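To start, the structure under review is shown below, and the notes come after it.
The values are calculated or read from the model by the stated rules, or taken from the named source; none is laboratory data. Since we're looking at a predicted model, the values are computed, not measured. Note that each Cβ is placed from the backbone with ideal geometry, even for glycine, and that neighbours are counted across all protein chains shown. SASA here: full protein model, heavy atoms, side chains in, ligands and nucleic acids out. Shrake-Rupley method; radii C 1.70, N 1.55, O 1.52, S 1.80 Å.
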Amino acid sequence: MSLTFHWFLPTNGDSRHVVGGGHGAPVTAAGGDRPPTVGYLTQIARAAEHLGFVGALTPTGAWCEDAWLTTAMVSQNTERLKFLVAFRPGFVSPTLAAQMASTYQRQTGGRLLLNVVTGGESHEQRGYGDFLDKDARYARTGEFLSIVRDLWDGKTVDLAGEHLRVEDAKLTRLPDPVPQIYFGGSSPAAGQVAARHADVYLTWGEPPAQVARKTAWIRSLAAGQGRTVRFGIRLHVITRDASDQAWAEARRLLDGFDPETVRAVQTGLGRSESEGQQRMLALHGGSLDNLEIHPNLWAGIGLVRGGAGTALVGSHAEVAERIAEYHSVGIDEFVFSGYPHLEEAYWFGEGVLPLLRDRGLWSHPFHTTATQPPTVQARFATSGRP
């Protein structure tokens, strides 16, 4: 079985520095270095497509551009790359969401994946008119996904749930293929929804032993529902020809963290209702010391960024070895990102993926025979920018 790799579309802006944002943290000034225009995001998407990434995660929230609209536009400039669209089920009716997904599949040739985000921050949810508490949001998500899956199966749906109600709901045109559902969450309520509805359970980049416990937990819950679930992990990556070069880049990023910004971001993230966010914070405790929490696993990104806060850092061979280690505890899909996203896609795609191919862990999903693009060094040697 070939491992699956996805990249990331930075719809909050990109930079040679870490762009903060998410889970109540505002986007940092670096987000204006490379605005998230359709043109720039298309460059990233086309690079990811050529290098062998299957899809690209696009985030959701008040801190970034809308994922549905942005990826719909970028999809018209790409051919095979899928888009892992993050969306919050409390903001749109289930019937309309099912219809949107069906339209997306037809207009893109089946290139939609859905990352269902229940929403971990009540303050942000209220800004969108959603006043449910966290547990109620998960209950609503379960009802939402039940309706959507039945509609995609061609059923006529009548449901009077605790949070959602539809009568005589149906689709005149069904999606082909049915989009895969990606879902994450570390709370007991999240686990129950994942067990019943997720095709792929996503976790943020905790050390392998913690990830192993998480996958065992979800696998057991899914088995109780008579289901099986695949597992994915969300990480950043800094990979170079030599380990010391990668760690030098990590130190450069760390040197760009303003102490006041770090304190402000950590204070805001400390109020997060997300159990996964609290687990991310616990990995570094707000300190700039001892950030390598497992070999080649660096928690520095989480000092200024909400959500996924860890990165694989090292030589191409070391990063490949860590990927194999995560695979050994049940991870088959990897969602990576790096600053800046265009250059880092090439570093990973040209440096790590060939090593995984040689180990029999990966094959190019598009079986391209096209001439390979210039190396990352050649692409950026003259201008230093795309």
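Write out the trypsin sites (Lys or Arg not before Pro) in the stretch 29-100 meeting two conditions: DSSP loop, and at most 15 other Cβ atoms within 10 Å of their Cβ.
Answer in residue order: Arg80.
Taking GluC sites (Glu not before Pro) as exposed when DSSP calls them loop (any state but H, G, I, E, B) and at most 16 other Cβ atoms lie within 10 Å, what is the longest stretch of the chain free of them, the sites themselves excluded?
In the chain, the maximal stretch lacking such sites is 163-386.
Once you list every other residue whose beta carbon is under 13 Å from the beta carbon of Val116, what net charge do they have if Lys and Arg are +1 and Asp and Glu are -1?
In short, +3.
Please give the Cα centre distance for the stretch 108-126 versus the stretch 265-326, rounded to the nearest Å.
22 Å
Output the 0 to 90 degree angle, nearest 10, between the alpha-carbon long axis of helix 259-270 and the longest principal axis computed from the alpha carbons of the chain.
Between helix and principal axis, roughly 20 degrees.
Longer than 28 Å from Cα to Cα, which of Lys82/Lys134; Lys82/Lys214; Lys134/Lys155; Lys170/Lys214 are they? Say none if no pair is.
With Cα atoms farther than 28 Å apart: Lys82/Lys134; Lys134/Lys155; Lys170/Lys214.
Can you list the HN-Hα couplings for the stretch 70-83, worked out from phi with the Karplus curve (6.51, -1.76, 1.60; θ = phi - 60°), rounded to whole Hz and with x for Gly and Pro?
After applying 6.51 cos²θ - 1.76 cosθ + 1.60, I find 5, 5, 4, 6, 5, 4, 6, 10, 10, 10, 10, 4, 8, 10 Hz.
Please calculate how many Å² of accessible area the stretch 117-244 carries per residue, with a 1.4 Å probe and no DNA, RNA or ligand atoms counted. Before the final figure, lay out each step's value.
Details: 5690 Å² over 128 residues.
That works out to 44 Å² per residue.
Relative contact order of the stretch 291-374, please, whole-number percent, based on alpha carbon pairs below 8 angstrom and at least 6 residues apart.
It comes to 19 percent, rounded to a whole number.
From the P(r) of the stretch 266-332, can you give the percent of Cα pairs sitting at distances over 15 Å?
Everything past 15 Å amounts to 55 percent.
Using a 1.4 Å probe and counting only protein heavy atoms, arrange Ser93, Ser328 so the residue with the most accessible area comes first.
Heavy-atom accessible area, descending, gives Ser328, Ser93.
What trypsin sites (Lys or Arg not before Pro) in the stretch 171-219 are in a loop by DSSP, with at most 13 other Cβ atoms within 10 Å of the Cβ?
Arg173
If we count every other residue with Cβ under 15 angstrom of Leu291's Cβ, Lys/Arg +1 and Asp/Glu -1, where does the sum land?
Neighbourhood net charge equals -2.
Once the other residues with Cβ under 15 Å from the Cβ of Met280 are scored (Lys, Arg +1; Asp, Glu -1), what is the net sum? Before the final figure, lay out the partial values.
On the way: positive: Lys214, Arg234, Arg271, Arg279, Arg305; negative: Glu121, Glu206, Glu273, Glu275.
Result for the local shell: +1.
Tell me, what HN-Hα J-couplings in whole Hz come from the Karplus equation 6.51 cos²θ - 1.76 cosθ + 1.60 at θ = phi - 60° for each residue of the stretch 354-367, using x for Gly and Pro?
Values per residue, Gly and Pro as x: x, 5, 5, 4, 5, 8, x, 9, 8, 9, 4, x, 9, 6 Hz.
Below 8 Å between Cα atoms, with a sequence gap of 6+, how large is the relative contact order for the stretch 6-87 in percent?
Answer for the stretch 6-87 is 33 percent.
Please compute the contact order of the chain in relative form: average sequence separation of alpha-carbon pairs under 8 Å and at least six residues apart, divided by the residue count, as a percent.
Rounded, it is 20 percent for the chain.
Would you mind getting me the FRET efficiency between Arg251 and Ile293? Use the beta-carbon distance for r and R0 = 22 Å, nearest 0.05.
About 0.85, to the nearest 0.05.
Under the Karplus relation 6.51 cos²θ - 1.76 cosθ + 1.60, θ = phi - 60°, what is the ordered set of whole-Hz ³J(HN,Hα) values for the stretch 211-222, x standing for Gly and Pro?
Coupling constants for the stretch 211-222: 5, 4, 5, 5, 5, 5, 4, 5, 4, 5, 4, 5 Hz.
With all protein chains present, how much of the accessible area of the chain (probe radius 1.4 Å) comes from carbon and sulfur, to the nearest whole percent?
Taking all protein chains in place, the chain shows 51 percent carbon and sulfur surface.
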